[in-house]
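Taking it in order: structure first as structure tokens, then the write-up.
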Amino acid sequence: MDLAPVLGAAGWSVRREPGADGGVVAYDDAGAVCEVARLEVPEGPALRAALVEHLHALSEDHEHLVAVRGVVEAGESSLVVLTDHVDGLRLDELAAAREPFRAAEAVTVLVPVAQGLARLHQDGRAHGSLDASAVVVTPSGRAVLRPALAPAHRTAADDVRDLARLVLDLVPPPASSHPSSPVTADPEEARDLAALHAELAIALRDEPSARPAAGTFAARCYDAVEPRPVVMPDAARLVAGAFGGRRTVRPGAGVPTASRGTVRGGTRTGGRGARARRRRAARTVGTSLAILVGCAALVVLLVALGPSRTAAPDGGEPSPSTATTEPDAGTRAVLDRDDPSGAARALTARRLALLTEGAGDLSSVVVEGSSAEARDAAVLEALDGVDVLDARAEVFDARLGEDWSPAPAGAVPTDAVVEVDYAVSAHRQRADDGELHVPATPRTSVVLVLRWTDDGWRVAEVR
């Protein structure tokens, strides 16, 4: 459903905005700029009343929480929710584009997020399934929490545990006597890291009642480690991080206790042209603050269109495959209505060719007018002036949603949800101001939604 007419009737206009959730923002004559989210209205009067009351509560201003600024009806069964647009990067995008956080930087992120949670908990609410994608870090290094727009059926203690897991994935593991454990050469950092891990261990206790309240957790971490400003990467580093996808959990990077958790439009054609023209188009990738703010879209580069499963012919374990696919084979895969996994692999090959060589066009990869198209259009625009050399994607595994099955003859296939595991090889990225060598990424997972169109499978959404 095109939301522009719905928002227009309510006095809002829509424009594309790199870094915004879904790639678009709504704005009004008063200068307010909001991100747009669509919510399905639950069945039953009690659930509907709970949703309305929850959204109303989120409209109150709080320093560390993104506020709801408007709710617009979009038909009988859905709402469009407008929330403050915060310039910056999602925390998962930031973490993917830089080295692990120092303990003092992690506390700078933890404290305001915990204070935002404490505000929710005062109203008897929980965030629910808190992860790094729910935190936005502004160019100045300030962290802001985006609360869940639907009421969460979890507890305050669950939120505290999730925040501890989130921070656990930002910092190196604690020092140990194991010979393979990395040890920092900075004694002060080693002390800070040990102190922070001690507080995280308490927040990760198995017994919910043994975990501190969110406000107490913030105070304890603040007292244990003096906060220091978060170091924001430059734009060139963000471009490099784009091929790394989301930051993944380091195996074994648990707390020093038995409690260990897992962190969990119109068609754009291939007008980017040759690499030389792309270099001329934008010469400020490494230095422009505007690109730094807008690069939130870059880190979803391969995440937003990850690869898919490669099943062994004998039905055995899937084996890694590259994103390079024969043109004819790729076309056949995309047109095979019964094999969305094979189509995802072919679409990934098309995307890599588009990004590295300017070959093809965006309409051959994503659904027109979808959130995937909006994000990728912003990525392509931001990558003008950058040559990506020798990049290769490997697919390790893919898991189709259990409820998907091939459609009967003559029927349109339903959307296919595919969770894929992949990695990107070491490669080079070259711009006018020099060449950057990007290391291979760790194994990364992402959930994709593929939709059947008149031209075959295309990517519609990333979850």
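The numbers here are math on the coordinates, done by the rules we state, and not lab data. These figures come from a predicted structure and were not determined experimentally. Reconstructed Cβ throughout: ideal geometry from the backbone, glycine too, with neighbour counts over all protein chains shown.
Quick notes
- Measuring r between the beta carbons of residue 28 and residue 455 and using R0 = 41 Å, the FRET efficiency lands at 0.65.
- Selection of GluC sites (Glu not before Pro), the stretch 56-122, meeting DSSP coil and at most 11 other Cβ within 10 Å: 60, 63, 76
- Amide H to amide H distances under 5 Å link residue 67 with 84, where only residues 5 or more positions off or on other chains count and H is placed in the peptide plane.
- Sorting the segments 38-51, 220-233 by their residues' average number of neighbouring beta-carbon atoms within 10 angstrom, most packed first, yields 220-233, 38-51.
- Sequence-distant residues sharing a close amide H with residue 142 (under 5 Å, placed H): none
- On a per residue basis, the convex hull of the C-alpha atoms belonging to the stretch 99-212 measures out at 120 Å³.
- With only the Cα atoms considered, the stretch 15-114 has a convex hull volume of 140 Å³ per residue.
- Scattering curve values for the stretch 119-172, log₁₀ I(q)/I(0), Debye with Cα scatterers, q = 0.17, 0.24, 0.25 Å⁻¹: -0.56, -0.99, -1.05
- The stretch 40-185 pair-distance distribution - Cα-Cα, 10 Å bins, rounded %: 10, 37, 30, 15, 6, 2, 0
- Each residue of the stretch 57-63 was assigned a 3J(HN,Hα) from its phi angle through the Karplus curve 6.51 cos²θ - 1.76 cosθ + 1.60 (θ = phi - 60°); the sequence is 5, 6, 7, 6, 6, 8, 4 Hz, with glycine and proline shown as x.
- FRET efficiency, residue 4 to residue 138 (Cβ-Cβ, R0 22 Å, nearest 0.05): 0.20
- Peptide ranges 406-415, 454-463 listed from the most packed, as the mean C-beta count within 10 angstrom indicates: 454-463, 406-415
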